[in-house]
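Since the structure comes first, as structure tokens, the remarks are kept for the end.
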Amino acid sequence: MLSSIFSILAYETLTDHRKSLREALADISDISFQNDPKSFERELGKKEYDIIFMNVKPSNSSTFNLLKKTHNQSPYTPIIITSKSEQTDLVVQAIKLGAYDFIASPLCQARIQMIVQKAIQQRKLSNEIDYLRRSQDIIYNFDSIVAESLSFQKTITSLKKFADTDATILLTGKTGTGKSFLSGSVHYNSPRRNNPFIKINCTNIPETLLESELFGHEKGSFTGADKLRIGRFEQADGGTIFLDEIGEIPLEIQTKLLRVLEEKAFERVGGNKTIEVDVRVIAATNKKLEEQIALGKFREDLYYRINVLPVVLPQLKDRPLCIEPLAYKLLDKSCAILKKKILRFSPDALAIIKSYSWPGNIRQLSNTIERAVILEDSDTIESSAIHIPDFHQPAPITRRTSEPLETQEKELILRALEENLWVQKNSAKQLGISPRALNYKINKFGITHPNWRKNK
């Protein structure tokens, strides 16, 4: 239960509702009740409230107008609706107009307290979002994207043009190439920038829940559906929805998705009412959808529907001129998050970064630099802080002339074994030698480990 005192404004015309709210919130809030719209609006203009309660009636359009006006005036203040009715249309309309949650009569004190607790957390999050949105134009500015390589400059030029349209975009590229970030750049530089931007990673949601997540469900439509759920497409109405890893969507859900793209309409799970939405779709995949079609795992008609504006994102190794400026940009970002002041990379560290192939692309580079910032205590990232646990290429060799060559060789082998959890096959691959050659060196230097069955 919350212990702080919060400021709450309630537009409540029902006596029993007032009583329930007062009893449920007396210990944690300073609550002001108003029973007519004018006094409510006058009170709302005096100060900023943590929570707002509003009573609405199905047949009274003026209460919905008041809800809309209140949300526009205080967009980050959670508004909790109370009503004698729990009609589906009433709930949906309230949520679309900005309501945070909905409570129907009789008002349960435990539910009131639970919703208020969640709403307070939402309020704190909204304050953070408000701060971030002030800098969002800079974050998603196309001109701030590192694009030194000619091929990537052409990609950004295309995305700038596509942002002005409502056509569906298909971003393809390996994991970590920036598909999610660029989808945000498209939305926030489009005419829809002031409307919702909803992201969904289709691989992170169980297949049994994905349809409900995308399209919502009616109360009682399946076991556990204890209340109406508004789906992501409905939430994105007027804005943009980003479907990451669209190639993972099951065939039966692909059929429903195709209808949304063609007709801008769908039904919630368990419902029969057609819901119309105005949503721009940006899809992304790291798979070759043409191959998925041949295997019968992806609908050909859906592919043609999402592939209106195709964009192929190059891997980081194919845009080498971007690596150094991108590394410095990620260094600044990590330092800001971790509250550290690191100004540069040493020449050796930068040489490692620029010569590496980065199979994990921008995501791997970002994680590597973040780890280096955590480890480094000076104002310069040294090569010792650059850790690249990759099995696809030899580890960089830093020779120290003050030590015998055999000592350096033994240390290099030990390092490779440690990084590969003492699996000799993987260590040999990282070192660029055969397993037989590595085994010879291990025996030569007398290297042993308890996990090995035989130690010579």
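The values are calculated or read from the model by the stated rules, or taken from the named source; none is laboratory data. Quantities reported herein were computed from a predicted structural model and do not represent experimental measurements. Cβ: placed from backbone, ideal geometry, glycine included. Neighbour counts: every protein chain shown.
Here are the numbers for the structure shown:
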read-out: Conditions (1) of a type in the set (Lys, Arg); (2) touching an Asp or Glu at 6+ places or on another chain (Cβ under 9 Å); (3) at pLDDT 95 or above; number of the one not met by Lys287; value: (3)
read-out: Cys322 vs. criteria farther than 19 Å from Gly247 by Cα and either touching a residue at least 60 places away in the same chain (Cβ under 8 Å) or of a type in the set (Asp, Glu) (or both); value: yes
read-out: Out of Phe266, Phe242, sole residue that is within 17 Å of Arg305 (Cα to Cα) and over 19 Å from the mean Cα position of the chain (by Cα); value: Phe266
read-out: Residue check, Lys69 of a type in the set (D, E, K, R), in contact (Cβ under 8 Å) with a residue 24 or more places away in the chain, surrounded by fewer than 19 Cβ atoms within 10 Å (Cβ to Cβ) and in a loop (DSSP other than H, G, I, E, B); value: no
read-out: Selection count, region 142-160, where residues are surrounded by fewer than 16 Cβ atoms within 10 Å (Cβ to Cβ) and touching a strand residue (DSSP E or B) at 6+ places or on another chain (Cβ under 9 Å); value: 1
read-out: Subset of region 15-36 (residues that are loosely packed, with under 15 Cβ neighbours inside 10 Å and without any contact (Cβ under 8 Å) to a residue 40 or more places away in the chain); value: Thr15, Lys19, Arg22, Ala26, Asp27, Asp30, Asn35, Asp36
read-out: Selection status of Leu182, farther than 22 Å from Ala99 by Cβ and either basic (Lys, Arg) or assigned to a helix (DSSP H, G or I) (or both); value: yes
read-out: Any hit, region 185-192, residues being part of a loop (DSSP other than H, G, I, E, B), without any contact (Cβ under 8 Å) to a residue 60 or more places away in the chain and either touching a Gly at 6+ places or on another chain (Cβ under 9 Å) or among the aliphatic types (A, V, I, L, M) (or both); value: no
read-out: Every pair of residues 6+ apart whose Cβ atoms lie under 7 Å, when the first sits in region 351-375 and is closer than 13 Å to Lys174 by Cβ while the second is modelled with pLDDT of 90 or more and basic (Lys, Arg); value: Ser357/Lys317; Trp358/Lys317; Asn361/Lys174
read-out: Residues (crowded, with 16+ Cβ neighbours inside 10 Å and in a helix (DSSP H, G or I)) located in region 161-179; value: Phe162, Ala163, Lys179
